[in-house]
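Novice: Just dropping this structure here.
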């Protein structure tokens with residue numbers, strides 16, 4: 001008679017799922033929990049959805065963050081730059097560009113200025129779109145190009161909706177000048193971000209990214225925070241760029257509504273910095289004003 005010996009300890013307890021032996025399988029299970037760029041998950045949510053131990057998920061997420069496959073924010077985890085730039089039809093950045101394209105073209109026709117669309121990637125912005133005006137060829141910005149977020153109107157508009165601690169983590173090694181007008185210290189940057197919040201999210205820059213070029217910008221926001229920035233660029237000699245501020249703000253609101261029609265991108269309260277804290281009432285006033 002043949003005796004069959006079963007290794008009972010190698011089988012998972014009833015009701016539990018056996019952990020995949022392959023690291024690639026574990027990584028795949030974790031990445032599959034994210035449904036796109038807008039998906040923001042806590043550690044517990046990733047562990048529950050992937051059906052992996054919390055400690056395992058935390059360790060793998062940490063490694064994925066180091067390699068830019070996942071990004072970590074104060075409220076959770078998102079897909080990172082490397083995951084988002086993979087070329088496929090469902091690329092969330094392509095979806096973002098498709099949503100914003102008609103709105104940005106309308107803004108360019110209304111103003112005659114160069115229009116930029118950018119996203120925040122750590123301490124930098126990445127340009128996703130550039131729609132030409134008279135100055136388009138003269139500007140060094142290009143699709144796929146980068147710039148320090150603190151030196152651009154679109155970048156500052158996005159930074160304004162992050163906590164001071166988050167901003168400090170971006171620039172712990174200091175701020176480098178691009179021109180003699182670039183913000184070069186954290187104290188000045190925090191004061192500038194406070195002023196942007198006081199202006200309901202409208203950001204300005206005068207020759208901080210490129211000498212002789214002025215910009216104004218606003219963030220595209222959903223309930224979880226900023227996802228992109230819109231900005232106008234013009235020569236500082238043209239002056240009175242502020243006259244286009246209502247059009248830039250309306251373009252940002254229009255895209256935000258298109259991205260989150262159910263929530264109407266109502267913001268959560270953010271931590272108070274300097275002398276200004278953002279409130280949902282102030283944002284409601286902006287929407288209706």
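The values are calculated or read from the model by the stated rules, or taken from the named source; none is laboratory data. Fair warning: this is a prediction, and the values are worked out from it, not measured in the lab. Virtual Cβ from ideal backbone geometry, glycine too; neighbours counted across all protein chains shown.
Novice: Which of the residues belonging to the range 203-232 are in contact with a helix residue (DSSP H, G or I) (Cβ under 8 Å, 6 or more places away or on another chain) and over 26 Å from residue 71 (Cα atoms)?
Specialist: 204, 205, 208, 214, 215, 216, 232
Novice: Quick one: how many residues across the range 139-162 are within 15 Å of residue 217 (Cβ to Cβ) and not in a loop (DSSP other than H, G, I, E, B)?
Specialist: Qualifying residue count, the range 139-162: 12.
Here's the yes/no breakdown for (1) assigned to a loop (DSSP other than H, G, I, E, B); (2) at pLDDT 90 or above:
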position	(1), (2)
72	no, no
89	yes, no
100	no, yes
115	no, yes
127	no, yes
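Novice: Now a separate question. I'm told residue 5 meets every condition in (1) at pLDDT below 85; (2) in a helix (DSSP H, G or I) except one. Can you identify the failing condition by its number?
Specialist: Of everything listed in (1) at pLDDT below 85; (2) in a helix (DSSP H, G or I), residue 5 misses just condition (2).
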